[in-house]
Amino acid sequence: MAYSVIFGKPMNEVPAEIKRRLSTSLVEIGEVCKTIPTTSIFWASMKQSGLVLDIGAWRFEYKLDIPRKRIVVVDYRELRS
């Protein structure tokens, strides 16, 4: 079963192209996750970890909801130089 991607809050100010790239990247991450054996130590680490994905000038924080097979974007912000 593939992982679904869930956005925890609206991202109205995020440009459409960035949202598209984010969705594509998270779907790819989900595809990789489904190939990792359930006995892997990776999963123990993921239960404890928050994850970050930078796309362009934006940073997205997400978590893996392992039992529900979901990738949940929990926060985001525009990176300032």
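The values are calculated or read from the model by the stated rules, or taken from the named source; none is laboratory data. Treat the numbers as computed from the prediction; the structure is a model and nothing was measured. As a convention, Cβ positions derive from the backbone with ideal geometry for all residues, glycine included, and neighbour counts pool all protein chains shown.
For the reader, a short list of remarks on this structure follows.
- Filter pass, residue 2 being over 11 Å from the mean Cα position of the chain (by Cα), of a type in the set (Gly, Ala, Ser) and exposed (fewer than 10 other Cβ atoms within 10 Å of the Cβ): no
- Residue in segment 5-57 that is farthest from the chain's Cα centre (by Cα), counting only those that are in a helix (DSSP H, G or I) and of a type in the set (Val, Ile, Thr): 41
- First in segment 1-14 and farther than 21 Å from residue 32 by Cβ, second anywhere and among the hydroxyl-bearing types (Ser, Thr, Tyr), Cβ under 9 Å, 6 or more apart: 8/62; 9/76; 11/76; 14/76
- The residue pairs whose first member lies in segment 29-48 and is more than 14 Å from residue 65 (Cα to Cα), whose second member is part of a helix (DSSP H, G or I), and whose beta carbons are closer than 6 Å, counting only pairs six or more residues apart or on different chains, are 36/42.
- Residues in segment 8-60 that are at pLDDT 90 or above and among the hydroxyl-bearing types (Ser, Thr, Tyr): 23, 24, 25, 35, 39, 40.
- Flag if residue 64 is in contact (Cβ under 8 Å) with a residue 40 or more places away in the chain, assigned to a strand (DSSP E or B), within 14 Å of residue 2 (Cβ to Cβ) and not β-branched (Val, Ile, Thr): yes
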